[in-house]
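Before any comments, here is the structure.
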Amino acid sequence: MLRELEVADGQFRVRDLEPVDENAVLALFDAAEDWFTATTGLPAAPGDIQSLYYALPEGAAFEDKALLVIEADRHIVGLIDAVLHHPTVSTCSLGMFLVHPAHRRCGLGRQVASALFGELTARGHTEVVASVAEGWRPGRAFLAALGFTLGTPGPATNTNRNLGPGERPIIPARLRLPAAPR
């Protein structure tokens, strides 16, 4: 989907998720239990990886789905779930932007987001939409620091997955990307 991105002078790379990555992503999910609990009310489960492949917003095309991992020294330290061209042809929807707790608050997320947004801009995208669970303060702070405009909380909804018992309202977020250089 997206070409490989190198971040922080090559210390990190972003690449497509591959089936062989399943155990490493499960370990990431276990380490990031705080995020899962804050957003769904439950810890992660093995089926969460498989459902990433199929979870699409209504009206999105499967071929526009991008599942990316962030690697450091060949270890997966993050995961990004994105849908290109949704909800409009020039928008990218981010469904998950998860960083291992050991790599949070050191600038990695910001650097990866910057590289990703640069790639999206080069591909003609003009906007990124995301959301954050109402109670997940680190996510709100991250989106705000990236320049997203946060909206009003609304009910957690997704038409193609079962909601967790403790899912909180979500806060929509929008980021206008700069125009692509000519």
Quiz item: In the range 101-121, is there at least one residue being farther than 17 Å from L68 by Cα, among the polar types (S, T, N, Q) and in contact with a Leu (Cβ under 9 Å, 6 or more places away or on another chain)?
Solution: yes
Exercise. May I ask you to list pairs of residues, at least six apart or on different chains, whose Cβ atoms are under 6 Å apart, with the first in the range 61-76 being at negative phi and the second being in a strand (DSSP E or B) and small (G, A, S)?
Key: A66/A82; I70/G78
Quiz prompt | Among (1) modelled with pLDDT under 95; (2) open to solvent by less than 70 Å² (accessible area, probe 1.4 Å); (3) under 16 Å from the mean Cα position of the chain (by Cα), the one test that I76 misses | solution = (1)
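Which one of these is touching a Phe, Trp or Tyr at 6+ places or on another chain (Cβ under 7 Å), surrounded by 15 or more Cβ atoms within 10 Å (Cβ to Cβ), small (G, A, S) and not in a strand (DSSP E or B): G109, G139?
On the way: G139 fails: touching a Phe, Trp or Tyr at 6+ places or on another chain (Cβ under 7 Å).
Sole residue among the options that is touching a Phe, Trp or Tyr at 6+ places or on another chain (Cβ under 7 Å), surrounded by 15 or more Cβ atoms within 10 Å (Cβ to Cβ), small (G, A, S) and not in a strand (DSSP E or B): G109.
Condition first: hydrophobic (A, V, I, L, M, F, W, C), open to solvent by 40 Å² or more (accessible area, probe 1.4 Å), over 18 Å from F148 (Cβ atoms) and at pLDDT below 85. Can you find one or more residues in the range 42-61 that meet it?
Applying the first criterion (hydrophobic (A, V, I, L, M, F, W, C)) to the range 42-61 yields 42, 44-45, 49, 52, 55-56, 60-61.
Those left that are additionally open to solvent by 40 Å² or more (accessible area, probe 1.4 Å): 42, 45.
Next, from what is left, pick out any that are over 18 Å from F148 (Cβ atoms): 42, 45.
Next, from what is left, pick out any that are at pLDDT below 85: 42, 45.
Yes; the residues of the range 42-61 include at least one that is hydrophobic (A, V, I, L, M, F, W, C), open to solvent by 40 Å² or more (accessible area, probe 1.4 Å), over 18 Å from F148 (Cβ atoms) and at pLDDT below 85.
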Quiz item: When the residues of the range 146-162 are filtered to those that are surrounded by fewer than 15 Cβ atoms within 10 Å (Cβ to Cβ), farther than 14 Å from G95 by Cβ and out of contact with any Lys or Arg (no Cβ under 7 Å at 6 or more places or on another chain), which remaining residue is modelled with the lowest pLDDT?
Solution: N162
Quiz item: Restricting the search to the range 1-18, which residues are open to solvent by 30 Å² or more (accessible area, probe 1.4 Å), modelled with pLDDT of 85 or more and within 16 Å of the chain's Cα centre (by Cα)?
Solution: R13, D16
Practice problem: Tell me which of these D21 doesn't satisfy, since it passes every other one: (1) in contact with a strand residue (DSSP E or B) (Cβ under 8 Å, 6 or more places away or on another chain); (2) over 25 Å from A141 (Cα atoms); (3) open to solvent by 20 Å² or more (accessible area, probe 1.4 Å). | Solution: (3)
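The values are calculated or read from the model by the stated rules, or taken from the named source; none is laboratory data. Just so we're clear, the structure is a prediction, and the values are computed from it rather than from any experiment. Cβ atoms come from the backbone with ideal geometry, glycine included; neighbour counts cover every protein chain shown. For the accessible areas, the whole protein counts, side chains as well, though only heavy atoms, and no ligand, DNA or RNA atoms are used. Shrake-Rupley method; radii C 1.70, N 1.55, O 1.52, S 1.80 Å.
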